[in-house]
Amino acid sequence: MYNPDTELLFPTRVIPTLKDLRGQEWRTLIESVQNAPADHPETLGFVLMMVRICGCVSCNADSFRAMRGCSQCSRQMVRRSRANDAELKDQYQDACREMEKFIERNLLESRSIG
């Protein structure tokens, strides 16, 4: 079954729709990320966090999650998360640090190659 809302990994277009699902700390996080460019480390960190929360890597075209679409899946997973807003923010900050290290490592490698 094909759903136009289903993508391979968490899509950045869904970020603004998650704003009102939790408390003020979550809302502030969403507001800071939703206006950042798609290739910004903060946006990439948020996407990485959501990929982990939603289990995007194990999603496939025949799964119930894929049939519902990324928007509904991510909203449901954020609502169901047992982590409080502070813990989610910590997960986000960890993911941002991980993305920054990844970017830095790849820049160093590309400089040494070129």
### Query
Can you give the angle from 0 to 90° between the axis of helix 41-54 and the longest principal axis of the chain, with both taken from C-alpha atoms, to the nearest 10?
40 degrees
### Task
Over the chain, with every protein chain in place, what whole percent of the accessible area is carbon and sulfur at 1.4 Å, could you tell me?
53 percent
### Task
Report, to the nearest 10°, how far helix 24-34 tilts away from the longest principal axis of the Cα atoms in the chain, using its own Cα long axis and a range of 0 to 90°.
60 degrees
### Message
Give me the base-10 log of I(q)/I(0) for the chain at each q in 0.09, 0.21, 0.23, 0.24 Å⁻¹, Debye formula, one uniform scatterer per Cα, rounded to two decimals.
### Response
-0.26, -1.14, -1.29, -1.37
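How many Å² of accessible area per residue for the stretch 49-114, probe 1.4 Å? Display every interim value, and only then the final one.
Details: 4470 Å² over 66 residues.
Per residue, the stretch 49-114 has an accessible area of 68 Å².
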### Query
How far, in degrees from 0 to 90, does helix 70-80 lean away from the longest principal axis of the Cα atoms of the chain, to the nearest 10?
80 degrees
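The values are calculated or read from the model by the stated rules, or taken from the named source; none is laboratory data. These numbers come from a predicted model, not from an experiment. We work out accessible area using only protein heavy atoms, side chains counted, and drop any ligands, DNA or RNA first. Shrake-Rupley method; radii C 1.70, N 1.55, O 1.52, S 1.80 Å.
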